[in-house]
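Trainee: Have a look at this one before I ask anything.
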Amino acid sequence: MTSITTAATGTFARPATSTVAEPGSRVVRFWLQAEGAAAFVAGIVLYLQAGGEAWLIIPLLIVPDLGMIGYLAGPRLGAITYNLVHNWVIGLALLGAGAGLGSDVLWLAGAVLVAHVGMDRALGYGLKLATGFKRTHLQAF
């Protein structure tokens, strides 16, 4: 255990980080993966409904993984470049911008990105921590 000193309470013990899952974490992980699967399906449907070419969806779903290229310069930069394109914010912002500006390109890019992030989350892949490629925000579950 590590100790933390505070002015008000003195020293108290903080439990060391554990790799043991907390009770109920399987249920939480299930819901996180179910959310990902739903986002994957929604992204694909949005892409196809907007007139995206069905034959392009598989290659386009792989494009966001180019964010891994930052790992060639180390885990810190790799986590930054990977997380830049593997989050809900960018995909949803592109969908919103596409809808607001009437831009099919932005809408399709947003749909693909939402589908990709959903696919990753459904498979259990999360945002990367700077400590290594295999360390993600989903590991707690």
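Trainee: Do you know which of the residues in the range 85-103 that are under 15 Å from the mean Cα position of the chain (by Cα) and of a type outside the set (A, V, I, L, M, F, W, C) is nearest to L48 (Cα to Cα)?
Mentor: This residue is G91.
Trainee: Within the range 27-84, track down each residue that is polar (S, T, N, Q), under 13 Å from the mean Cα position of the chain (by Cα) and open to solvent by 50 Å² or more (accessible area, probe 1.4 Å).
Mentor: The answer is Q33, and nothing else.
Trainee: Let me ask something additional. Can you tell me which residues in the range 104-114 are hydrophobic (A, V, I, L, M, F, W, C) and over 11 Å from the mean Cα position of the chain (by Cα)?
Mentor: Result: V105, L106, W107, L108, A109, A111, V112.
Trainee: Further question: Just checking, which of P64, P59, P75 is over 15 Å from D120 (Cβ atoms) and touching a residue at least 40 places away in the same chain (Cβ under 8 Å)?
Mentor: P75
The values are calculated or read from the model by the stated rules, or taken from the named source; none is laboratory data. Just so you know, these numbers come straight off a predicted model, no measurement behind them. Cβ coordinates were reconstructed from backbone atoms using ideal geometry, including for glycine residues, and neighbour counts include every protein chain displayed. Accessible surface areas use protein heavy atoms only, side chains included; no ligands, DNA or RNA. Shrake-Rupley method; radii C 1.70, N 1.55, O 1.52, S 1.80 Å.
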